[in-house]
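The values are calculated or read from the model by the stated rules, or taken from the named source; none is laboratory data. Not measured: the values here are computed from a predicted model. A quick note on method: Cβ atoms are made from the backbone with ideal geometry, for glycine too, and the neighbour counts reach across all protein chains shown.
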Amino acid sequence: MVKSTITFGPQHPVFPEPIQFILKVVDEKVVLAEPQIGYVHRGIEKAFELNDPKDNIFLAERICGICPAPHTTAYVRGVESLMGIEAPPRAKYIRTIMNELNRIHSHILWAGLLGDAIGFESYFMQTWNYREKVLDAIEKISGHRVTYAMNAIGGVRRDMTNEQLRGLEKTMDYVESSLENIEDVMKDYTIKKRTQGIGILTEEEARRDGAVGPTARASGISQDLRTSGYDAYGDLKFEPVVVNNCDSYGRFAVRWQELKQSIDLIRQCIVKMPSGEILTKSNNPMNGEAISRVEAPRGELFYYIKGNGSKKLERVKVRTPTFANIIPTVTMLSKGCQVADVSVIVLSMDPCISCTER
Amino acid sequence: MNFQPSILFSILLSIAAPFIGMLILGFDRKITARMQNRVGPPILQPFYDVVKLFGKSELMVKKAQILFALMFVGTLLLSTVLLCFGGDLLVIFFLISTGMIFYTLGAYSVKSGFSFIGGNRELYQMLAYEPIFMLTVFSVGLITKSFRVDQIFGLEVPLVAIIPLPLVSMMIVFLIKMQKSPFDISTAHTEIISGPMIEYSGGYLALLKIAHWYEIFLVIGIMSLFFVVPGNPVLTVVSMAAAGLAIYFVSIIIDNVTARVHWNTMLRLSAAIGITLIVVNVAIVYIVAYIAGGA
Amino acid sequence: MDGESAKITAIALTTLAPLLAGLLCYIAPGRKSRNVLISAGIVSAMAGSVLLFLLLRGSPGHTIRIELGSVAIPGLGAISANEIITIAEITLAAAFIYLAARIKAFYALALSIAQLGAMIWYEFSYAPAHGSEHAVRILIDYWSGTMCLIVSIIGSLIVIYAVKYMEGQHSQNRFFAYFVGFLGAMNAAVFCDSLAAFLLFWEITTLASYMLIKHEQNTESLQNAKRAFQLNVIGGAGISAAIIVLGIACNISSLGEIAALEGAIAPALMLGVILLCFGAIVKSAQVPFQSWLLGAMVAPTPVSALLHSSTMVKLGIYLIIRLSPAFSHFPAVGYMLALIGGFSFVSTAIIAISQNNAKKVLAYSTIGNLGLIIMLAGIHTSLAISAAIILTIFHAISKALLFMGVGVVQHEMHTRDIEDTEGMIAKRPLIATIILMGIVTMIIPPFGVFVGKYMAIQASVAAPWMMILLAVGSAATVVYYVKWFGRLISTDREMERKPEHMSTLFSTPLAALLAGAIGLSFVIVQVVAWFVDPAVASMGYDVVLQAISVEVVTPSGYISSIAIGASMAAVLLAGLMIKLDDSKKTRPYSCGIEFPGELGGMYMHGYAGEDKVNKYVNFAGIALIMIFVAIGIIAMAVGKVM
Amino acid sequence: MGIVEKSRLKSPWILHYDCSSCNGCDIEILACLTPYYDIERFGILSKGNPKHSDVLLVTGGVNHRNKTVLKNLYDQMPAPKVVIAIGACGSTGGIFHNCYNILGGADKIVPVDVYVPGCPPRPEAIIDGVVKALDKLKHLQNGTWKEPETGPIVVETAVGAKPAPAAKYANAAPAPTLNSQPTNKEA
């Protein structure tokens, strides 16, 4: 067998971030995929220890520019539990709205990237066009499109007016109808050809390798942290989206249905939105250890925070969903695929390297 | 009536050929953009791209690349001139495929991963489209009883009336040549960046782009030969242009509603659809001729 | 020297001289004397072939017909040439039986015994009773003359090359005995009109090829030689059967008579032609008999070059083209033959994609090209035969060049693997360039093989369904040659301009063949005028290929190799003028890091691999051959020509 | 202005490299391609291949592992070329300036021509940055300046603090450390 070595990354147009796979290929068949890391490592966990815990919100937000809401939520929830306080109900609802908006924008973004990766350019264009509306909604609520720092320790930074809520409702209507417009893509022959049976991860393997988020849910594992009822999720009605395809198409389908689920959740939040304060102020010392788990768009996000009573935190440890999904991805790749499928498989777990390497 | 294009016309056409290809590409980008709710670049964008590339300095790995790029453009130019002067369709076809061989070799000549895979994919594409292209040219020859382009103008009815199905098969060739999905596998931007062209830069990349213009002119030119209206030069020009545009519009729509497929899917599709359609059509022509002859 | 004796001299120079030189090589005492003998053999073959061709141009009707009557041998009285041939044939058959028994080739043994019995019965009981003639007829027309030129000149160049290649190897005497003798036997077979004589030389080439294939004497080569022997015996048996069928049922004993027949045709003649074609298919290693030629790759490379380019396999082609005029009486046979050839062309082209052994790629390519030629012969229009002849000539040159180039690589780098020759252009530019040029002359216009393919497509208008095979096959051919080319030139730095030493005995034949491949392609108009058209005419076809100034004009198109070649050369020269200084050089792109530098070729094992495809290919091949032979038998049974 | 210079302005092809950004800027660059912003109307294409590109967009601060990658990519771009540092991190290291693995902005490794501040900058600002870079590209010819150097340009953005004046950055821009090949500025 004559093998070629192809370096997929660090700079590659299909991945906006420097993920690197060293592939051994025979013809176009990948026989070995070796992930390489370190291109985005910054040392954020150390920086958490250097800054003021309040400023750390901005740092946590910049662990990942795609899902700042779950990161800050997880961080502030951890710090809140260290301080022994809880955010007021309205703040929790606003957090939930931001988290779900974040999920919508992230999933649409992902769908577009998948379209781009498999050469379906018009799909990429349409989805990202709709995504702009979501970003606009986020901007109207928070003041910024991407890194909006909505969360604060003890609540949220900004309140939502009724006008904003009505605007958000309209945006949701728009996004829902737009998504219906392009729903037929799921039935497209070429899309199915490129995603069905590609990157198979059976339920057994998903459990063994510890897959999280949509990757796990597409393998038939009903695992969604939101069912634990943190923030406002306890008041809302929803079921985790689970499909049994176990392939890239399944992951596509899970995210597609989650988009609708998120729209529904936001509507529920708007209806049930309580009135009251948005911030619990507290100067309690941060002492002890706290674990905080949040369902990010990519899966379970885990923060471990340790305080020693001083002004600064002693240790912040972040385990991101992508980190948990790396081994499942290597499992998928090692089953043999084509060079063309590498990007589809890697994208199907929605990698976020800047999260993972911090 | 045998319509003989004048020499002046042929000369003008062969000079205009790359620009026609360029305009086709320019409109393509514009129309694609409009279909994607975008404004899109100016029509002359491919021209600006190429001129800009000529103004850049070159960074090449080795000289062989330059030779192959030149040979690529050279053969396609030769083939364009032959087409414009009504030469032998088979020679034109072979020169196009020779051009593609040089292009592939240009990719292979550098020891670079993506360039190599691009070269491989170019070969897969060749395996997919060459039989179709060759059979189409052959079926034209079968109907015309000659492979000379000028003989097509002497037919009694347009070719499309007799052999429409090869035209459908040629869509596969056209999509491959236009580097459009579902068959843009060799230059797949998001898989192998730009495949065979990856190690070229500056003026030599511009040469490849110009060769691409020629290629598009050639393929669309050969496809529009099916629409020659015998004995009526004006109608011929109109119908050829209209047909060219229609073919091209269909290709843009296909591009916008499909994802890129794997090379093996492409091979299967081209064998199952491309070759079969031509064979069926030629069989029908023969059966009809047999029945007509028998009766 | 009058005309007649000059002709005899020329024939003797091309046939007897190499045979004799070969025999003497066996007992040559040393290297020097052997080399003298070899030189004498090849010089006489070359001179004789050229002389013969010149004589041919001067002969009435552009044919030389000689009847060898009886020879007076002191003490024995007059012996007819036919008797000599018969005796030689029986001796050879006995040798075959001995050989088959010794190597335990039982099929071959049984076939040889049956063949011997049948031939003895036919020659001694049947033929005399029916007053068959005693003369051995020799017929040399332009087709034989062209073949003789190919065999003598290209074969001789390969012999020169072999002298260097075999230096220092064991049992060279025996090797060169068969090697040089091969040329004589091949020429003789080409000249023979009488079927019996033709069979004799046919079997001699079988024997010689067996001896050459097993030269290395290791298990693999013995095994492959045995396979080659067994299969070729089947082919020989086909020819013998044809002789008997034709002799008994049609009273025909020569090739010329078959081709020239007119009027009502007996079904037996059709069967006879089918059996002859069957023999030729085996000799030309068409599917499903391709395994002997592939196995023959174990032999030293000069042997492969000889068997593949100018001799042995070309004998099958020669025979089929010679018989092709007869197909007009029973087109079904022709088209079936075309199908077998076309199928071989497609299947070997596809399998060749999966091969990384250079010699095997070339072997498959040979089978494919022979298939193409057989397909054209099966189509049997004038244009098809012209294309077949052009392909025969240029394929021989290019294939010899490629084999010898690969041989040099093996001789000096000890590898046949295409992967090992990656980037050879930088390490050994000279030999790499020769292989590259060989590939270029095989696939790229305006070189001869391309012109042949161009005409083949036009010729297939007469049998449109063949075109599907042709289209797929030629696309696959381009694929495997281009990727090989790509492997040779794949480097990340410029060529080193260091002097590269190559023996004169290597470089001379290579240079001659390269010059021939390029030169003849540029003067293809003259090639058509001098060789192709007369050869086609001498076989009784109308001449449709016109050579007008710089263009070769076919009935439905025209091609000007000079114009295409000149424009390409101009572009190439312009390209060579461009300078690329070091400041404009960079490293290959590899996503921002240094490229690890490991590349392996593209082989499509899952789709074209031998293990995947062979069973289907062989099955289809066997089915086709069975149908082919069945056509003849059914025709006999029904009593009607198809 | 000759036709080549004009074409240069009409067709800047960009190469984007994410040094160690948080994805925010990267996604905003991608968003520029989409119908809402549609940079292709200016002839801008994202090429992903340094050998075809004119403009290098760098996001995120440089770290110890990717500094060679950035240098490699920059070296493989044929002149004339410009470099745009996108976002606070790309310009100076931004919020990560005190992280142990961050060397600083892109200008530590390659000469930066345009700084686009913001965290992340809005797509409009990125487009503005590319257009400002074209101004510079106009005067470049195969690696040599035609006009005296104007220094790095800083794009003023709607969001975030008013950026410092250009002159301050011109002096502050440190000499490229890993740069062996003559660059636009030195020539």
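Evaluation of B:LEU159 against the conditions (1) at pLDDT 85 or above; (2) more than 30 Å from B:VAL110 (Cα to Cα) shows that the sole unmet condition is (1). Of the residues in region A:14-21, at least one is assigned to a loop (DSSP other than H, G, I, E, B) and more than 7 Å from every other protein chain (Cβ to nearest Cβ). Can you say whether B:VAL160 is surrounded by fewer than 21 Cβ atoms within 10 Å (Cβ to Cβ) and away from every other protein chain (no Cβ under 11 Å), as far as the supplied structure shows? So B:VAL160 passes the test. When region A:41-77 is filtered for residues that are facing chain D (nearest Cβ under 9 Å) and part of a helix (DSSP H, G or I), the ones remaining, listed by number, are A:ILE44, A:LYS46, A:ALA47, A:LEU50, A:PHE58, A:LEU59, A:GLU61, A:PRO68. Restricting the search to helices (runs of 4 or more DSSP H) fully inside region C:517-591 and requiring at least 3 residues that are at pLDDT 85 or above and at the interface with another protein chain (Cβ under 8 Å from one of its Cβ atoms) gives C:561-577. In summary, A:GLY229 fulfils each of the numbered conditions (1) out of contact with any strand residue (DSSP E or B) (no Cβ under 8 Å at 6 or more places or on another chain); (2) exposed (fewer than 15 other Cβ atoms within 10 Å of the Cβ); (3) at negative phi with the single exception of condition (3). Identify, please: which residue in region A:22-40 is touching a strand residue (DSSP E or B) at 6+ places or on another chain (Cβ under 6 Å) and not in a strand (DSSP E or B) and is, among those, surrounded by the most Cβ atoms within 10 Å (Cβ to Cβ)? Filtering first and then ranking leaves A:VAL40. Of all residue pairs spaced 6 or more apart or on separate chains, those with beta-carbon atoms under 6 Å, a first member in region D:9-35 that is within 7 Å of chain A (Cβ to nearest Cβ) and a second member that is of a type in the set (Ser, Thr, Tyr) and surrounded by fewer than 24 Cβ atoms within 10 Å (Cβ to Cβ) are D:GLY24/A:THR147. Of everything in region A:121-167 that is within 25 Å of A:GLU80 (Cβ to Cβ) and in a helix (DSSP H, G or I), the residue that is nearest to the chain's Cα centre (by Cα) is A:ILE138. Only residues that are out of contact with any Pro (no Cβ under 9 Å at 6 or more places or on another chain) and in contact (Cβ under 8 Å) with a residue 60 or more places away in the chain were counted in region B:138-158, giving 3. Taking the criterion of being closer than 29 Å to B:SER112 by Cα and touching a residue at least 60 places away in the same chain (Cβ under 8 Å), the residues of region B:23-50 that qualify are B:LEU25, B:PRO46, B:ASP49, B:VAL50. Screening region A:142-156 for residues that are surrounded by 23 or more Cβ atoms within 10 Å (Cβ to Cβ) and among the β-branched types (Val, Ile, Thr) and picking the one that is nearest to the other protein chains (Cβ to nearest Cβ) gives A:VAL146. A:ILE191 - would you say it is more than 19 Å from the chain's Cα centre (by Cα) and either away from chain B (no Cβ under 14 Å) or not acidic (Asp, Glu) (or both)? For A:ILE191, the condition - more than 19 Å from the chain's Cα centre (by Cα) and either away from chain B (no Cβ under 14 Å) or not acidic (Asp, Glu) (or both) - is met. Among the residues in region D:27-49, are any of a type outside the set (S, T, N, Q), assigned to a strand (DSSP E or B) and closer than 20 Å to D:VAL110 by Cα? Within region D:27-49 (the criterion being of a type outside the set (S, T, N, Q), assigned to a strand (DSSP E or B) and closer than 20 Å to D:VAL110 by Cα), the answer is no, since none of the residues qualifies. Of the set (1) more than 11 Å from chain B (Cβ to nearest Cβ); (2) in contact with a strand residue (DSSP E or B) (Cβ under 8 Å, 6 or more places away or on another chain), all apply to C:SER507 but (2). Would you confirm whether any residue within region D:55-72 is in a helix (DSSP H, G or I), crowded, with 24+ Cβ neighbours inside 10 Å and more than 7 Å from every other protein chain (Cβ to nearest Cβ)? Yes. One residue stands out among those in region D:120-140 that are more than 23 Å from D:TYR37 (Cα to Cα) and surrounded by fewer than 19 Cβ atoms within 10 Å (Cβ to Cβ): the one that is modelled with the highest pLDDT, which is D:LYS138. Restricted to region B:49-67, and to residues there that are of a type outside the set (A, V, I, L, M), closer than 18 Å to B:ALA211 by Cβ and at the interface with chain D (Cβ under 8 Å from one of its Cβ atoms), the residue that is surrounded by the most Cβ atoms within 10 Å (Cβ to Cβ) is B:LYS52.
Taken together, the criteria place A:GLU183 among residues that are surrounded by fewer than 20 Cβ atoms within 10 Å (Cβ to Cβ) and either in contact with a Gly (Cβ under 6 Å, 6 or more places away or on another chain) or under 24 Å from A:SER343 (Cα atoms) (or both). Checked against the criteria, C:LEU520 counts as in contact (Cβ under 8 Å) with a residue 40 or more places away in the chain, surrounded by fewer than 23 Cβ atoms within 10 Å (Cβ to Cβ) and in contact with a helix residue (DSSP H, G or I) (Cβ under 7 Å, 6 or more places away or on another chain). Taken together, A:LYS281, A:LYS311, A:LYS237, A:LYS306 contain a single residue that is within 30 Å of A:PHE48 (Cβ to Cβ), free of Cβ contacts under 8 Å to residues at least 40 places away in the same chain and either basic (Lys, Arg) or assigned to a loop (DSSP other than H, G, I, E, B) (or both), which is A:LYS306. Looking at this structure, is B:PHE138 crowded, with 24+ Cβ neighbours inside 10 Å, facing chain C (nearest Cβ under 8 Å) and within 18 Å of the chain's Cα centre (by Cα)? When the stated conditions are applied, B:PHE138 passes them. Candidates A:ALA296, A:ALA340: the one that is within 30 Å of A:ASN162 (Cβ to Cβ) and within 14 Å of another protein chain (Cβ to nearest Cβ) is A:ALA296. Looking across region C:603-619, just one residue is touching a Gly at 6+ places or on another chain (Cβ under 8 Å) and either at the interface with chain A (Cβ under 9 Å from one of its Cβ atoms) or part of a loop (DSSP other than H, G, I, E, B) (or both), and that is C:TYR603.
If you go through region C:409-438 and pick out every residue that is more than 10 Å from every other protein chain (Cβ to nearest Cβ) and closer than 30 Å to C:ILE389 by Cβ, you end up with 5. If you filter region B:166-196 down to residues that are more than 13 Å from every other protein chain (Cβ to nearest Cβ) and out of contact with any Ser or Thr (no Cβ under 9 Å at 6 or more places or on another chain), you find that the one that is farthest from B:PHE94 (Cα to Cα) is B:VAL168. Number of residues in region B:74-113 that are more than 22 Å from C:ILE457 (Cα to Cα), facing another protein chain (nearest Cβ under 7 Å) and in a helix (DSSP H, G or I): the value is 5. In region C:246-267, of all residues being part of a loop (DSSP other than H, G, I, E, B) and among the aliphatic types (A, V, I, L, M), the one that is surrounded by the fewest Cβ atoms within 10 Å (Cβ to Cβ) corresponds to C:ALA264.
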